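J.: Let me give you the structure first, and then I'll get to my questions.
The values are calculated or read from the model by the stated rules, or taken from the named source; none is laboratory data. What you see is a predicted model; the values in this text were computed from it and never measured. Don't worry about glycine lacking a Cβ; one is built from the backbone with ideal geometry, like all the others, and counts go over all protein chains shown.
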Amino acid sequence: MVLDRRHPPALAASALALVLASCAPKPVLVGATLGLSGPASAIGVEGRNGIEQAISEINGRGGIRGRPVELIVENDGETVEGGRAAAAALIDRGAVVLLGGMTSAAATGAREVANERRVVLLSPTAASPDFSGIDDYFFRIIGSSDQQGVVLAGEALRRGYRRASVVLDSANLSYSKAVGSGFEAAFLSGGGTVVETRSIEKPLGFDFSALADSLRRDRPDLVLCAGSSFDLASIAQALASREFRIPLFGSMWARTPDIFGFGGRTLEGTVLTSGADANDPSPEVSRFREAYSARYGEPPGFAALYGYEAANVLAEAIRAVLDGGSRLDGPGIKAALLSLPSLPSLHGTLSFDRFGDTFRPYYLFEIRGEAFVRIP
């Protein structure tokens, strides 16, 4: 454009800004469906933070092949209906790919929409086996939740426990039921007995005192809670108020830092499982932990680590699509995720099978003070 004295300075500046804007690389819109409200929202908030951390680093390195990544977020409320609504809203806003569905309930709804619209949904933490072995647009970087139960059962048997009561969170039943089933199968095969299985209906307002009375009557050696940090801490508080001391075991969903505020000292000695260890001393995890803590003023939990990994995995797939000159859409990103032999992870590398599933081991932790201490 040639500017002369007939153009007022303000008009000339505006015209120049338009020209520069038209030359700027088009951002890659990434949508995130996350549970950011409710008593179990810690994994949604942490997941968002981990995703933000990854995208900030990616953009700091110049984006993906020169294109900046722009994150747009919708709150799914950790429900099936919320997952559907959030996924649809994000795609309508222009997202070419989705991250999130941190709970299996929310992922169930988001997955339906992602498949209908042929948009990839990559979940950091939705672990229900209901998603396994299906060729669709759903991917995840976490192992199936029934394996959490298997690992917990092994530890219970090792400690000599033979009678267990199981409590499931019905709001996220596809996840919690799988944890319970995996635990029961492994516990029974090792000589144990599941005395009773009970459900928590709508944690806010639920009568945990009555549940504690029922658990006390069961006379178990341990109680397994396949639920959130709020669920497990509420059980611990209710049992403590009745002076009933019983070993508590919890699924990965409960292993979030807010559990200490919910349950305090009543949780001492509780055994939990997780597939990610944000306190791992490896250089990769240490660097992530330091950067995350500096940015958010608190240490990361497992959901932050998985969110960070998921965003970086997605970036590699997008880079592969752009390098290959393919269209940046659901089919293209799906093909890239399935074709890449190894993808970045803070715990080594990972890859997907033809159904978008991956296998990653689960580890055991024990609550000591206000810390999750890895069990060797």
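J.: So which of Asp277, Asp231 ends up being acidic (Asp, Glu) and either at pLDDT below 95 or surrounded by fewer than 17 Cβ atoms within 10 Å (Cβ to Cβ) (or both)?
T.: None of the others qualify; the one that does is Asp277.
J.: Taking the criterion of being without any contact (Cβ under 8 Å) to a residue 60 or more places away in the chain and charged (D, E, K, R), would at least one residue in the range 166-174 satisfy it?
T.: no
J.: Among the residues of the range 346-362, is there at least one that is in contact (Cβ under 8 Å) with a residue 24 or more places away in the chain, aromatic (Phe, Trp, Tyr), in contact with a strand residue (DSSP E or B) (Cβ under 7 Å, 6 or more places away or on another chain) and farther than 30 Å from Lys26 by Cβ?
T.: Among the residues of the range 346-362, at least one is in contact (Cβ under 8 Å) with a residue 24 or more places away in the chain, aromatic (Phe, Trp, Tyr), in contact with a strand residue (DSSP E or B) (Cβ under 7 Å, 6 or more places away or on another chain) and farther than 30 Å from Lys26 by Cβ, which makes the answer yes.
J.: Give the residue, chosen from Ser181, Ser145, Ser170, that is in contact with a Ser or Thr (Cβ under 7 Å, 6 or more places away or on another chain), surrounded by fewer than 22 Cβ atoms within 10 Å (Cβ to Cβ), within 30 Å of Leu98 (Cβ to Cβ) and among the polar types (S, T, N, Q).
T.: Exactly one residue qualifies, and that residue is Ser170.
This table checks each residue for (1) touching a Cys at 6+ places or on another chain (Cβ under 8 Å); (2) basic (Lys, Arg).
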| residue | (1), (2) |
| --- | --- |
| Arg198 | no, yes |
| Ala212 | no, no |
| Leu222 | no, no |
| Ala233 | no, no |
| Ala238 | no, no |
| Gly250 | yes, no |
| Gly261 | no, no |
| Leu272 | no, no |
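J.: Could you check, for the range 265-288, whether at least one of its residues is assigned to a loop (DSSP other than H, G, I, E, B) and of a type in the set (Val, Ile, Thr)?
T.: yes
J.: Hey, any hits in the range 213-232 for a residue that's part of a loop (DSSP other than H, G, I, E, B), in contact with a strand residue (DSSP E or B) (Cβ under 9 Å, 6 or more places away or on another chain), within 18 Å of Phe262 (Cα to Cα) and in the same structural domain as Trp253 (by TED's automatic domain parsing)?
T.: There is at least one residue in the range 213-232 that is part of a loop (DSSP other than H, G, I, E, B), in contact with a strand residue (DSSP E or B) (Cβ under 9 Å, 6 or more places away or on another chain), within 18 Å of Phe262 (Cα to Cα) and in the same structural domain as Trp253 (by TED's automatic domain parsing).
J.: Of everything in the range 48-99, what is farther than 23 Å from Leu322 by Cβ and not in a helix (DSSP H, G or I)? Give them in sequence order.
T.: Across the range 48-99, the qualifying residues are Val73, Glu74, Asn75, Asp76, Gly77, Glu78, Thr79.
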